[in-house]
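Beneath this line is the structure, given in structure tokens, with notes to follow.
The values are calculated or read from the model by the stated rules, or taken from the named source; none is laboratory data. Since the model is a prediction, treat every value here as computed from it, not as a measurement. Heads up, the Cβs are rebuilt from the backbone with ideal geometry, glycines too, and the neighbour counts pull from every protein chain shown. Just the protein is used for accessible areas: all its heavy atoms, side chains included, with ligands, DNA and RNA removed. Shrake-Rupley method; radii C 1.70, N 1.55, O 1.52, S 1.80 Å.
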Protein chains: 2
Amino acid sequence: MRALVLDMGGSHVGCGLVEDRTVLETASIDTVAGSLEALLPVFVTSFQELLRRAGLQTSDCSGVVVGFPGIVDARSGSIRSTLDKYPDACDLDLAGWACEAFGLPIRLENDARLALMGEAFAGAGQGIDNLVMMTLGTGIGTAAMIEGHLLRGVHACAGNLGGHFTVQMGGRRCKCGNIGCAEAESSGWALPEIASSFPGMANCSLAIAANLTFADVFQHAERGDATALAIRSHCLDVWAANAVSLAHAYDPEVLILGGGVMQSASTIVPHIQRYVAEHTWRGMGEVQVRAADLGSSAALIGAIPLLMEHFGDVKN
Amino acid sequence: MRALVLDMGGSHVGCGLVEDRTVLETASIDTVAGSLEALLPVFVTSFQELLRRAGLQTSDCSGVVVGFPGIVDARSGSIRSTLDKYPDACDLDLAGWACEAFGLPIRLENDARLALMGEAFAGAGQGIDNLVMMTLGTGIGTAAMIEGHLLRGVHACAGNLGGHFTVQMGGRRCKCGNIGCAEAESSGWALPEIASSFPGMANCSLAIAANLTFADVFQHAERGDATALAIRSHCLDVWAANAVSLAHAYDPEVLILGGGVMQSASTIVPHIQRYVAEHTWRGMGEVQVRAADLGSSAALIGAIPLLMEHFGDVKN
């Protein structure tokens, strides 16, 4: 089975042509997460190029799949809500677009849920029925599978808002409306503001303020910068505290960590593994913490199990 | 259908004889949550008395049901773990006991999950497929139903550890092993220690230290005691912050609040409803916060749907 896949991130969109467990061709499109409609012609051109490179036609594909950073009801094929990314997404007729542009059906899914499906199908979650995925990026995306069933929920939110559990009462206000979310306390968009609250920031080599990234923080921490070490420690602690909540919420065998920051997996995974082992309910089974296997391909490959899924009883 | 039911709390055990949606007879047995084995003969005597009062025999009942405050695998009929309540429970042959004492099969379930089943069957959750229950008592018990499926999970923990989400990084150490759990920050067992950290405590009429209860705090707060008001406010804030996490975890239509403290439902429900409405993900459906309808009968009545449940594919 082949699919044309869009993995919509906050700063770029991954386009992929996927066959079963293999990504045949990819391209990356830089965006500012503005109008989705304005990007549709760009996607068409990109997919045509990927197909040309692979020597394939649209008719060789079973469908178009979109992984979207918001609340997506895969069963009704609708994007239900988005915070500040692609604000026009809820109102677009993406099924009409896919049909017109490629003559193909479309399936939409939340990006973290799609990544979990990919990791379960061909990555770090293969053969495991009880999985939680936590993707650390611009925001914190999560998804959960319990006893082989992907959680979706009546408003399509179940499993996807695990970055918005309260980890710090009275903490930072999150874009989602909550206070002290894991995402508000440690994610890409919140990082510059978080860092600016550290006392050493003004005199530190990290002081590049508005564009500060996790890559900057981890690199400077590696070099021994005290402020970078303190910020890194704070971020690791937030992710670890939230990992315990996720373990307590969904009872997983394996917690998979993904996102760009996992280039520093050798620091992150042991820290979170240790904290989870020490702080989860004593009578629970051990929760294994693993780095995602598929990196940015996870959501692309997740398109295949999503297309294979049978939605018998579509609600809405 | 009739059942003999034990609802095992930390300070007392509710014994009930239940018929469909009606509790025919009840008795309450005070305990210290010590040896469960030592209580078994007391339960037999109590059930015999309830049956006598109702003019019924054990053979008029379909089974014995136990709601237990710990991790319980209903499908394999085992108590998997308990913190400090009834430490011998995991090793007892309760099926053998029920068979010998009454000639009846037994089913075990987590107490909060059983209460949710009761509220879904005959209480505040009737007709709703997406429910979360949060029981505020000695500890904080939770349970979740998503799209009509009761969450259980591979280690039988799913949905039940929602009182052990981290709400306060660097907060109080919980009995479960985690730090800053909702339960450690606002529950019956933690209340005396929490209260003692409030500055006004030493000079306040509440200063009865080790035995302080939520009933004390709410009563003194009603009378305008400043320290009691501050403690109450703290506890309400913890429950509200955790309610947002539960909403984000399980995507419920209705969050049901239970436990003895709900005698103050008129203060608690509006506070949590307001906080949840203001702080859950903006694109989610509205989560209704309701007081449990069935009070201490919820877990008793939950025995009926538990006995009716068919465990087709028993794991373990």
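So if I check each of B:Ala33, B:Ala54, which one is aliphatic (A, V, I, L, M) and surrounded by 17 or more Cβ atoms within 10 Å (Cβ to Cβ)?
On the way: B:Ala54 fails: surrounded by 17 or more Cβ atoms within 10 Å (Cβ to Cβ).
One residue alone meets the criteria, B:Ala33.
What single numbered condition from (1) over 17 Å from B:Ile71 (Cα atoms); (2) without any contact (Cβ under 8 Å) to a residue 60 or more places away in the chain; (3) more than 7 Å from every other protein chain (Cβ to nearest Cβ); (4) not polar (S, T, N, Q) fails to hold for B:Glu147?
Here B:Glu147 meets the rest and fails (3).
Return yes when A:Phe102 is touching a Ser or Thr at 6+ places or on another chain (Cβ under 7 Å) and more than 11 Å from A:Gly258 (Cα to Cα) and no when it is not.
Yes, satisfied.
Quick check on my filter: what residues within the range A:287-316 are at pLDDT 95 or above, within 14 Å of another protein chain (Cβ to nearest Cβ) and either assigned to a helix (DSSP H, G or I) or open to solvent by 30 Å² or more (accessible area, probe 1.4 Å) (or both)?
The answer is A:Gln288, and nothing else.
Search the range A:150-162 for residues being out of contact with any Gly (no Cβ under 6 Å at 6 or more places or on another chain) and on the phi < 0 side of the Ramachandran plot, and hand back the single one that is farthest from the other protein chains (Cβ to nearest Cβ).
A:Leu150
Consider B:Ala247 carefully, then state whether it is within 18 Å of A:Ser245 (Cβ to Cβ) and within 13 Å of chain A (Cβ to nearest Cβ).
yes
Output the residues belonging to the range A:136-170 that are assigned to a loop (DSSP other than H, G, I, E, B) and of a type in the set (Val, Ile, Thr).
A:Thr138, A:Val154, A:Val167
If a residue must be open to solvent by 10 Å² or more (accessible area, probe 1.4 Å), over 17 Å from A:Gly283 (Cα atoms) and among the hydrophobic types (A, V, I, L, M, F, W, C), how many such residues does the range B:152-172 contain?
1
I need a count of the residues in the range B:1-22 that are β-branched (Val, Ile, Thr) and surrounded by fewer than 22 Cβ atoms within 10 Å (Cβ to Cβ).
Qualifying residue count for the region: 1.
Read through the list (1) part of a strand (DSSP E or B); (2) touching a residue at least 60 places away in the same chain (Cβ under 8 Å); (3) over 19 Å from the mean Cα position of the chain (by Cα), then give the number of the only condition that B:Gly16 fails.
Failed condition: (3).
Consider only pairs whose beta carbons are under 7 Å apart and that are at least six residues apart or on different chains; among these, list those whose first residue lies in the range B:26-52 and is over 13 Å from B:Val13 (Cβ atoms) and whose second residue is open to solvent by 70 Å² or more (accessible area, probe 1.4 Å).
B:Leu51/B:Gln57
For the range B:125-139: of the residues being open to solvent by 10 Å² or more (accessible area, probe 1.4 Å) and more than 8 Å from every other protein chain (Cβ to nearest Cβ), which is farthest from the chain's Cα centre (by Cα)? Quick ask: steps written out before the conclusion?
From the range B:125-139, those open to solvent by 10 Å² or more (accessible area, probe 1.4 Å) are B:126-129, B:135, B:137-139; that's our starting set.
After this cut, where a residue has to be more than 8 Å from every other protein chain (Cβ to nearest Cβ) as well, the list is B:126-128, B:135, B:137-139.
Working: B:Gln126: 18, B:Gly127: 21, B:Ile128: 19, B:Thr135: 4, B:Gly137: 7, B:Thr138: 9, B:Gly139: 8 Å.
Per the stated criteria, the residue is B:Gly127.
In the list A:Gly171, A:Gly163, which residue meets the criterion of being at pLDDT 95 or above, among the small types (Gly, Ala, Ser) and more than 17 Å from the chain's Cα centre (by Cα)? Step through it out loud before you land on a result.
Numbers: A:Gly163 fails: more than 17 Å from the chain's Cα centre (by Cα).
Within the list A:Gly171, A:Gly163, the selection yields A:Gly171.
I want to confirm something. Restricting to the range B:57-80 and keeping residues that are free of Cβ contacts under 8 Å to residues at least 60 places away in the same chain and buried (at least 17 other Cβ atoms within 10 Å of the Cβ), which single residue is nearest to the other protein chains (Cβ to nearest Cβ)?
The extreme case among them is B:Gly70.
Being open to solvent by 30 Å² or more (accessible area, probe 1.4 Å) and farther than 28 Å from B:Ser187 by Cα narrows it down to one of B:Ala95, B:Ala38, so name that one.
Criteria check complete, one pass: B:Ala95.
From (1) within 14 Å of another protein chain (Cβ to nearest Cβ); (2) within 18 Å of B:Leu255 (Cβ to Cβ), pick out the condition that doesn't hold for B:Glu119.
(1)
Which one is nearest to the other protein chains (Cβ to nearest Cβ), of the residues in the range A:275-286 that are farther than 30 Å from A:Gly9 by Cα and at pLDDT 95 or above?
A:His279
Just checking: which of the helices (runs of 4 or more DSSP H) contained wholly in the range A:180-286 hold 1 or more residues that are open to solvent by 50 Å² or more (accessible area, probe 1.4 Å)?
In the range A:180-286, A:191-196, A:214-222, A:226-250, A:265-279 are the helices (runs of 4 or more DSSP H) which contain 1 or more residues that are open to solvent by 50 Å² or more (accessible area, probe 1.4 Å).
Is it the case, given these coordinates, that A:His220 is out of contact with any helix residue (DSSP H, G or I) (no Cβ under 9 Å at 6 or more places or on another chain) and either within 9 Å of chain B (Cβ to nearest Cβ) or modelled with pLDDT under 95 (or both)?
no
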